[in-house]
Amino acid sequence: MKSISQFVAGAAASRRSIFLVLAVLGIASPPGPLRAAQQSPPDQAPAVAPMEHATVAATPLAVLIEEAEKNDPVILVATQAARAATHVAPQVTALPDPQFTLQQFSVGSPRPFAGFSNSDFAYIGFGASQEFPYPGKRQLRGAIAGRDARAAMESAETARREEIEKLKAAYFRLAYLQQSTAILEHHDILMQQVADIAEARYRVGQGNQQDVLRARLQHTKILYDISMNRQSAGDAQAELKRILRRSQDSTDVIAEPLGVTPLRHPASELFALVREQNSSVRERGEMVRKSQAEVDLARREFRPDFGLSYMVQHTASNYRDYYMLTFDVKFPRRKPREAALAEATINVERARQEQDAELQQALAGVQRQIVTAQTSEEQARIYREGLIPQAHAGYEAGMATYQTGRQDFTAVLSSFLDVVQMELEYQRTLLEHEMAIARIENLTGAALP
């Protein structure tokens, strides 16, 4: 049997162990991060532990967008292509290049200028010729080139929006990973302390080895999740630096915490913005108008083109000079022109169908993102005002019963993990919401507040 002093010492150790467990898990101490999360205002995210790089100021998304618009290679390439397309119209509307001719005609011998002084057939000729397309052809070619240029501008705008959406997606993923890592690191500290306390209780015979193993296993799982988050954060950093055209070994970007951007625009207004401002839809519209101009040009190609040339033929001084004016008419063959007209007519309908398909795809995309944004906003409110506080309350109630010995460690650990899971899922919901808003902004061309 144990002596009285050993019994008293064991009881004191038991009380100290229980107190340490409760102090670590937030029952016997002033409200810590877990309790502070429960008591946070309903419209604020649960508090998490500060991140390692909290001393580094976060970069606002707007600053990165401005930098990307200046430096992103994809945006710059698309912009240069659009600028180059504006120089096509002056080329196709110009007259064909004039042709200048120097002609020497010999008589009696192949030698140059043979017979020039004794034959009125030998001469030196100077001439020029110019082709003239049928009136209206050049203007229609210019209209087609202009539509191509406007389509290239819309394509450049599409490239810009796509890259900005990719920038936002990488930024939001990075914000989510940074916040999730902070949550995991904060709770891992508590879990390590819980594991140490569970092991201390086991050594004095007041716990069991399974509690220690479960705590250590959860600690290892958290470390694995932190490692995976850091790997994903590295991918997001690489994508951000690519878009920003920064060196890959430059300082990492620190993102601002995620929030909930409200979606105040009604669906009908967003659909109207898609029809008016979606750059891909507008690009398809320019292609429709280009195809219509190509039909007009195909009809005009049935008309003949003309040529005009003039030549002066100088002979010896004792002979008179010759002057030649030539007018040419080039009649087009009907069969290839009819085939070209049929092709252009079919292309008009095809372009209209492509425009409608692009519009329907954009409208469907906006509708899907509206549902995602509205659902995730509601889910975020449920997490913030319901699930997370309830998880904290359940955990603390379990700790209270664990303190009196009416609940085992496994149930307390499960409640603890529920708190961690709810906080991580809350951040995931914020990420889904902001990604949906970014997609809507891309499809509508509108900046949502």
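The values are calculated or read from the model by the stated rules, or taken from the named source; none is laboratory data. Quantities reported herein were computed from a predicted structural model and do not represent experimental measurements. So basically every Cβ, Gly included, is an ideal-geometry build from the backbone, and we count neighbours across all protein chains shown. Keep in mind that these areas ignore ligands, DNA and RNA; they rest on the heavy atoms of the full protein, side chains included. Shrake-Rupley method; radii C 1.70, N 1.55, O 1.52, S 1.80 Å.
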Checklist entry - Has segment 301-311 got at least one residue that is part of a helix (DSSP H, G or I), over 30 Å from Tyr383 (Cβ atoms) and of a type in the set (Lys, Arg)? => result no
Next on the checklist: Just to verify a result, which residue in segment 360-369, among those that are touching a residue at least 40 places away in the same chain (Cβ under 8 Å) and surrounded by fewer than 19 Cβ atoms within 10 Å (Cβ to Cβ), is nearest to the chain's Cα centre (by Cα)?
Outcome noted: Gly365
Item to check | Residue satisfying all of: in segment 236-259; open to solvent by less than 40 Å² (accessible area, probe 1.4 Å), of a type outside the set (A, V, I, L, M, F, W, C) and modelled with pLDDT of 95 or more; nearest to Leu76 (Cα to Cα) among these | outcome: Lys241
Checklist outcome for this item: Reported set for segment 74-124 where residues are open to solvent by 50 Å² or more (accessible area, probe 1.4 Å), more than 30 Å from Gln139 (Cα to Cα) and assigned to a strand (DSSP E or B) is Leu102, Gln103, Gln104, Phe105
Checklist entry - Can you name the residue in segment 260-288 that is within 17 Å of Arg352 (Cα to Cα) and of a type in the set (Gly, Ala, Ser) and is also most open to solvent (accessible area, probe 1.4 Å) among such residues? => result Ser280
Checklist entry - Among the residues of segment 329-341, how many are in a helix (DSSP H, G or I) and either surrounded by 12 or more Cβ atoms within 10 Å (Cβ to Cβ) or on the phi > 0 side of the Ramachandran plot (or both)? => result 4
Checklist entry - Right, Ser129: of a type in the set (S, T, N, Q), open to solvent by 30 Å² or more (accessible area, probe 1.4 Å), modelled with pLDDT of 95 or more and assigned to a strand (DSSP E or B) or not? => result yes
Checklist entry - Consider Met191 against the criteria (1) assigned to a helix (DSSP H, G or I); (2) open to solvent by 20 Å² or more (accessible area, probe 1.4 Å): it satisfies all of them except one. Which criterion is unmet? => result (2)
Item to check | Matching option when the condition is crowded, with 21+ Cβ neighbours inside 10 Å and at pLDDT below 85, among Tyr395, Tyr426 | outcome: Tyr395
Item to check | Residue satisfying all of: in segment 58-73; in a helix (DSSP H, G or I) and acidic (Asp, Glu); nearest to Asp321 (Cα to Cα) among these | outcome: Glu69
Next on the checklist: Restricting to segment 194-209, name every residue that is under 20 Å from Tyr395 (Cβ atoms) and open to solvent by 40 Å² or more (accessible area, probe 1.4 Å).
Outcome noted: Asp196
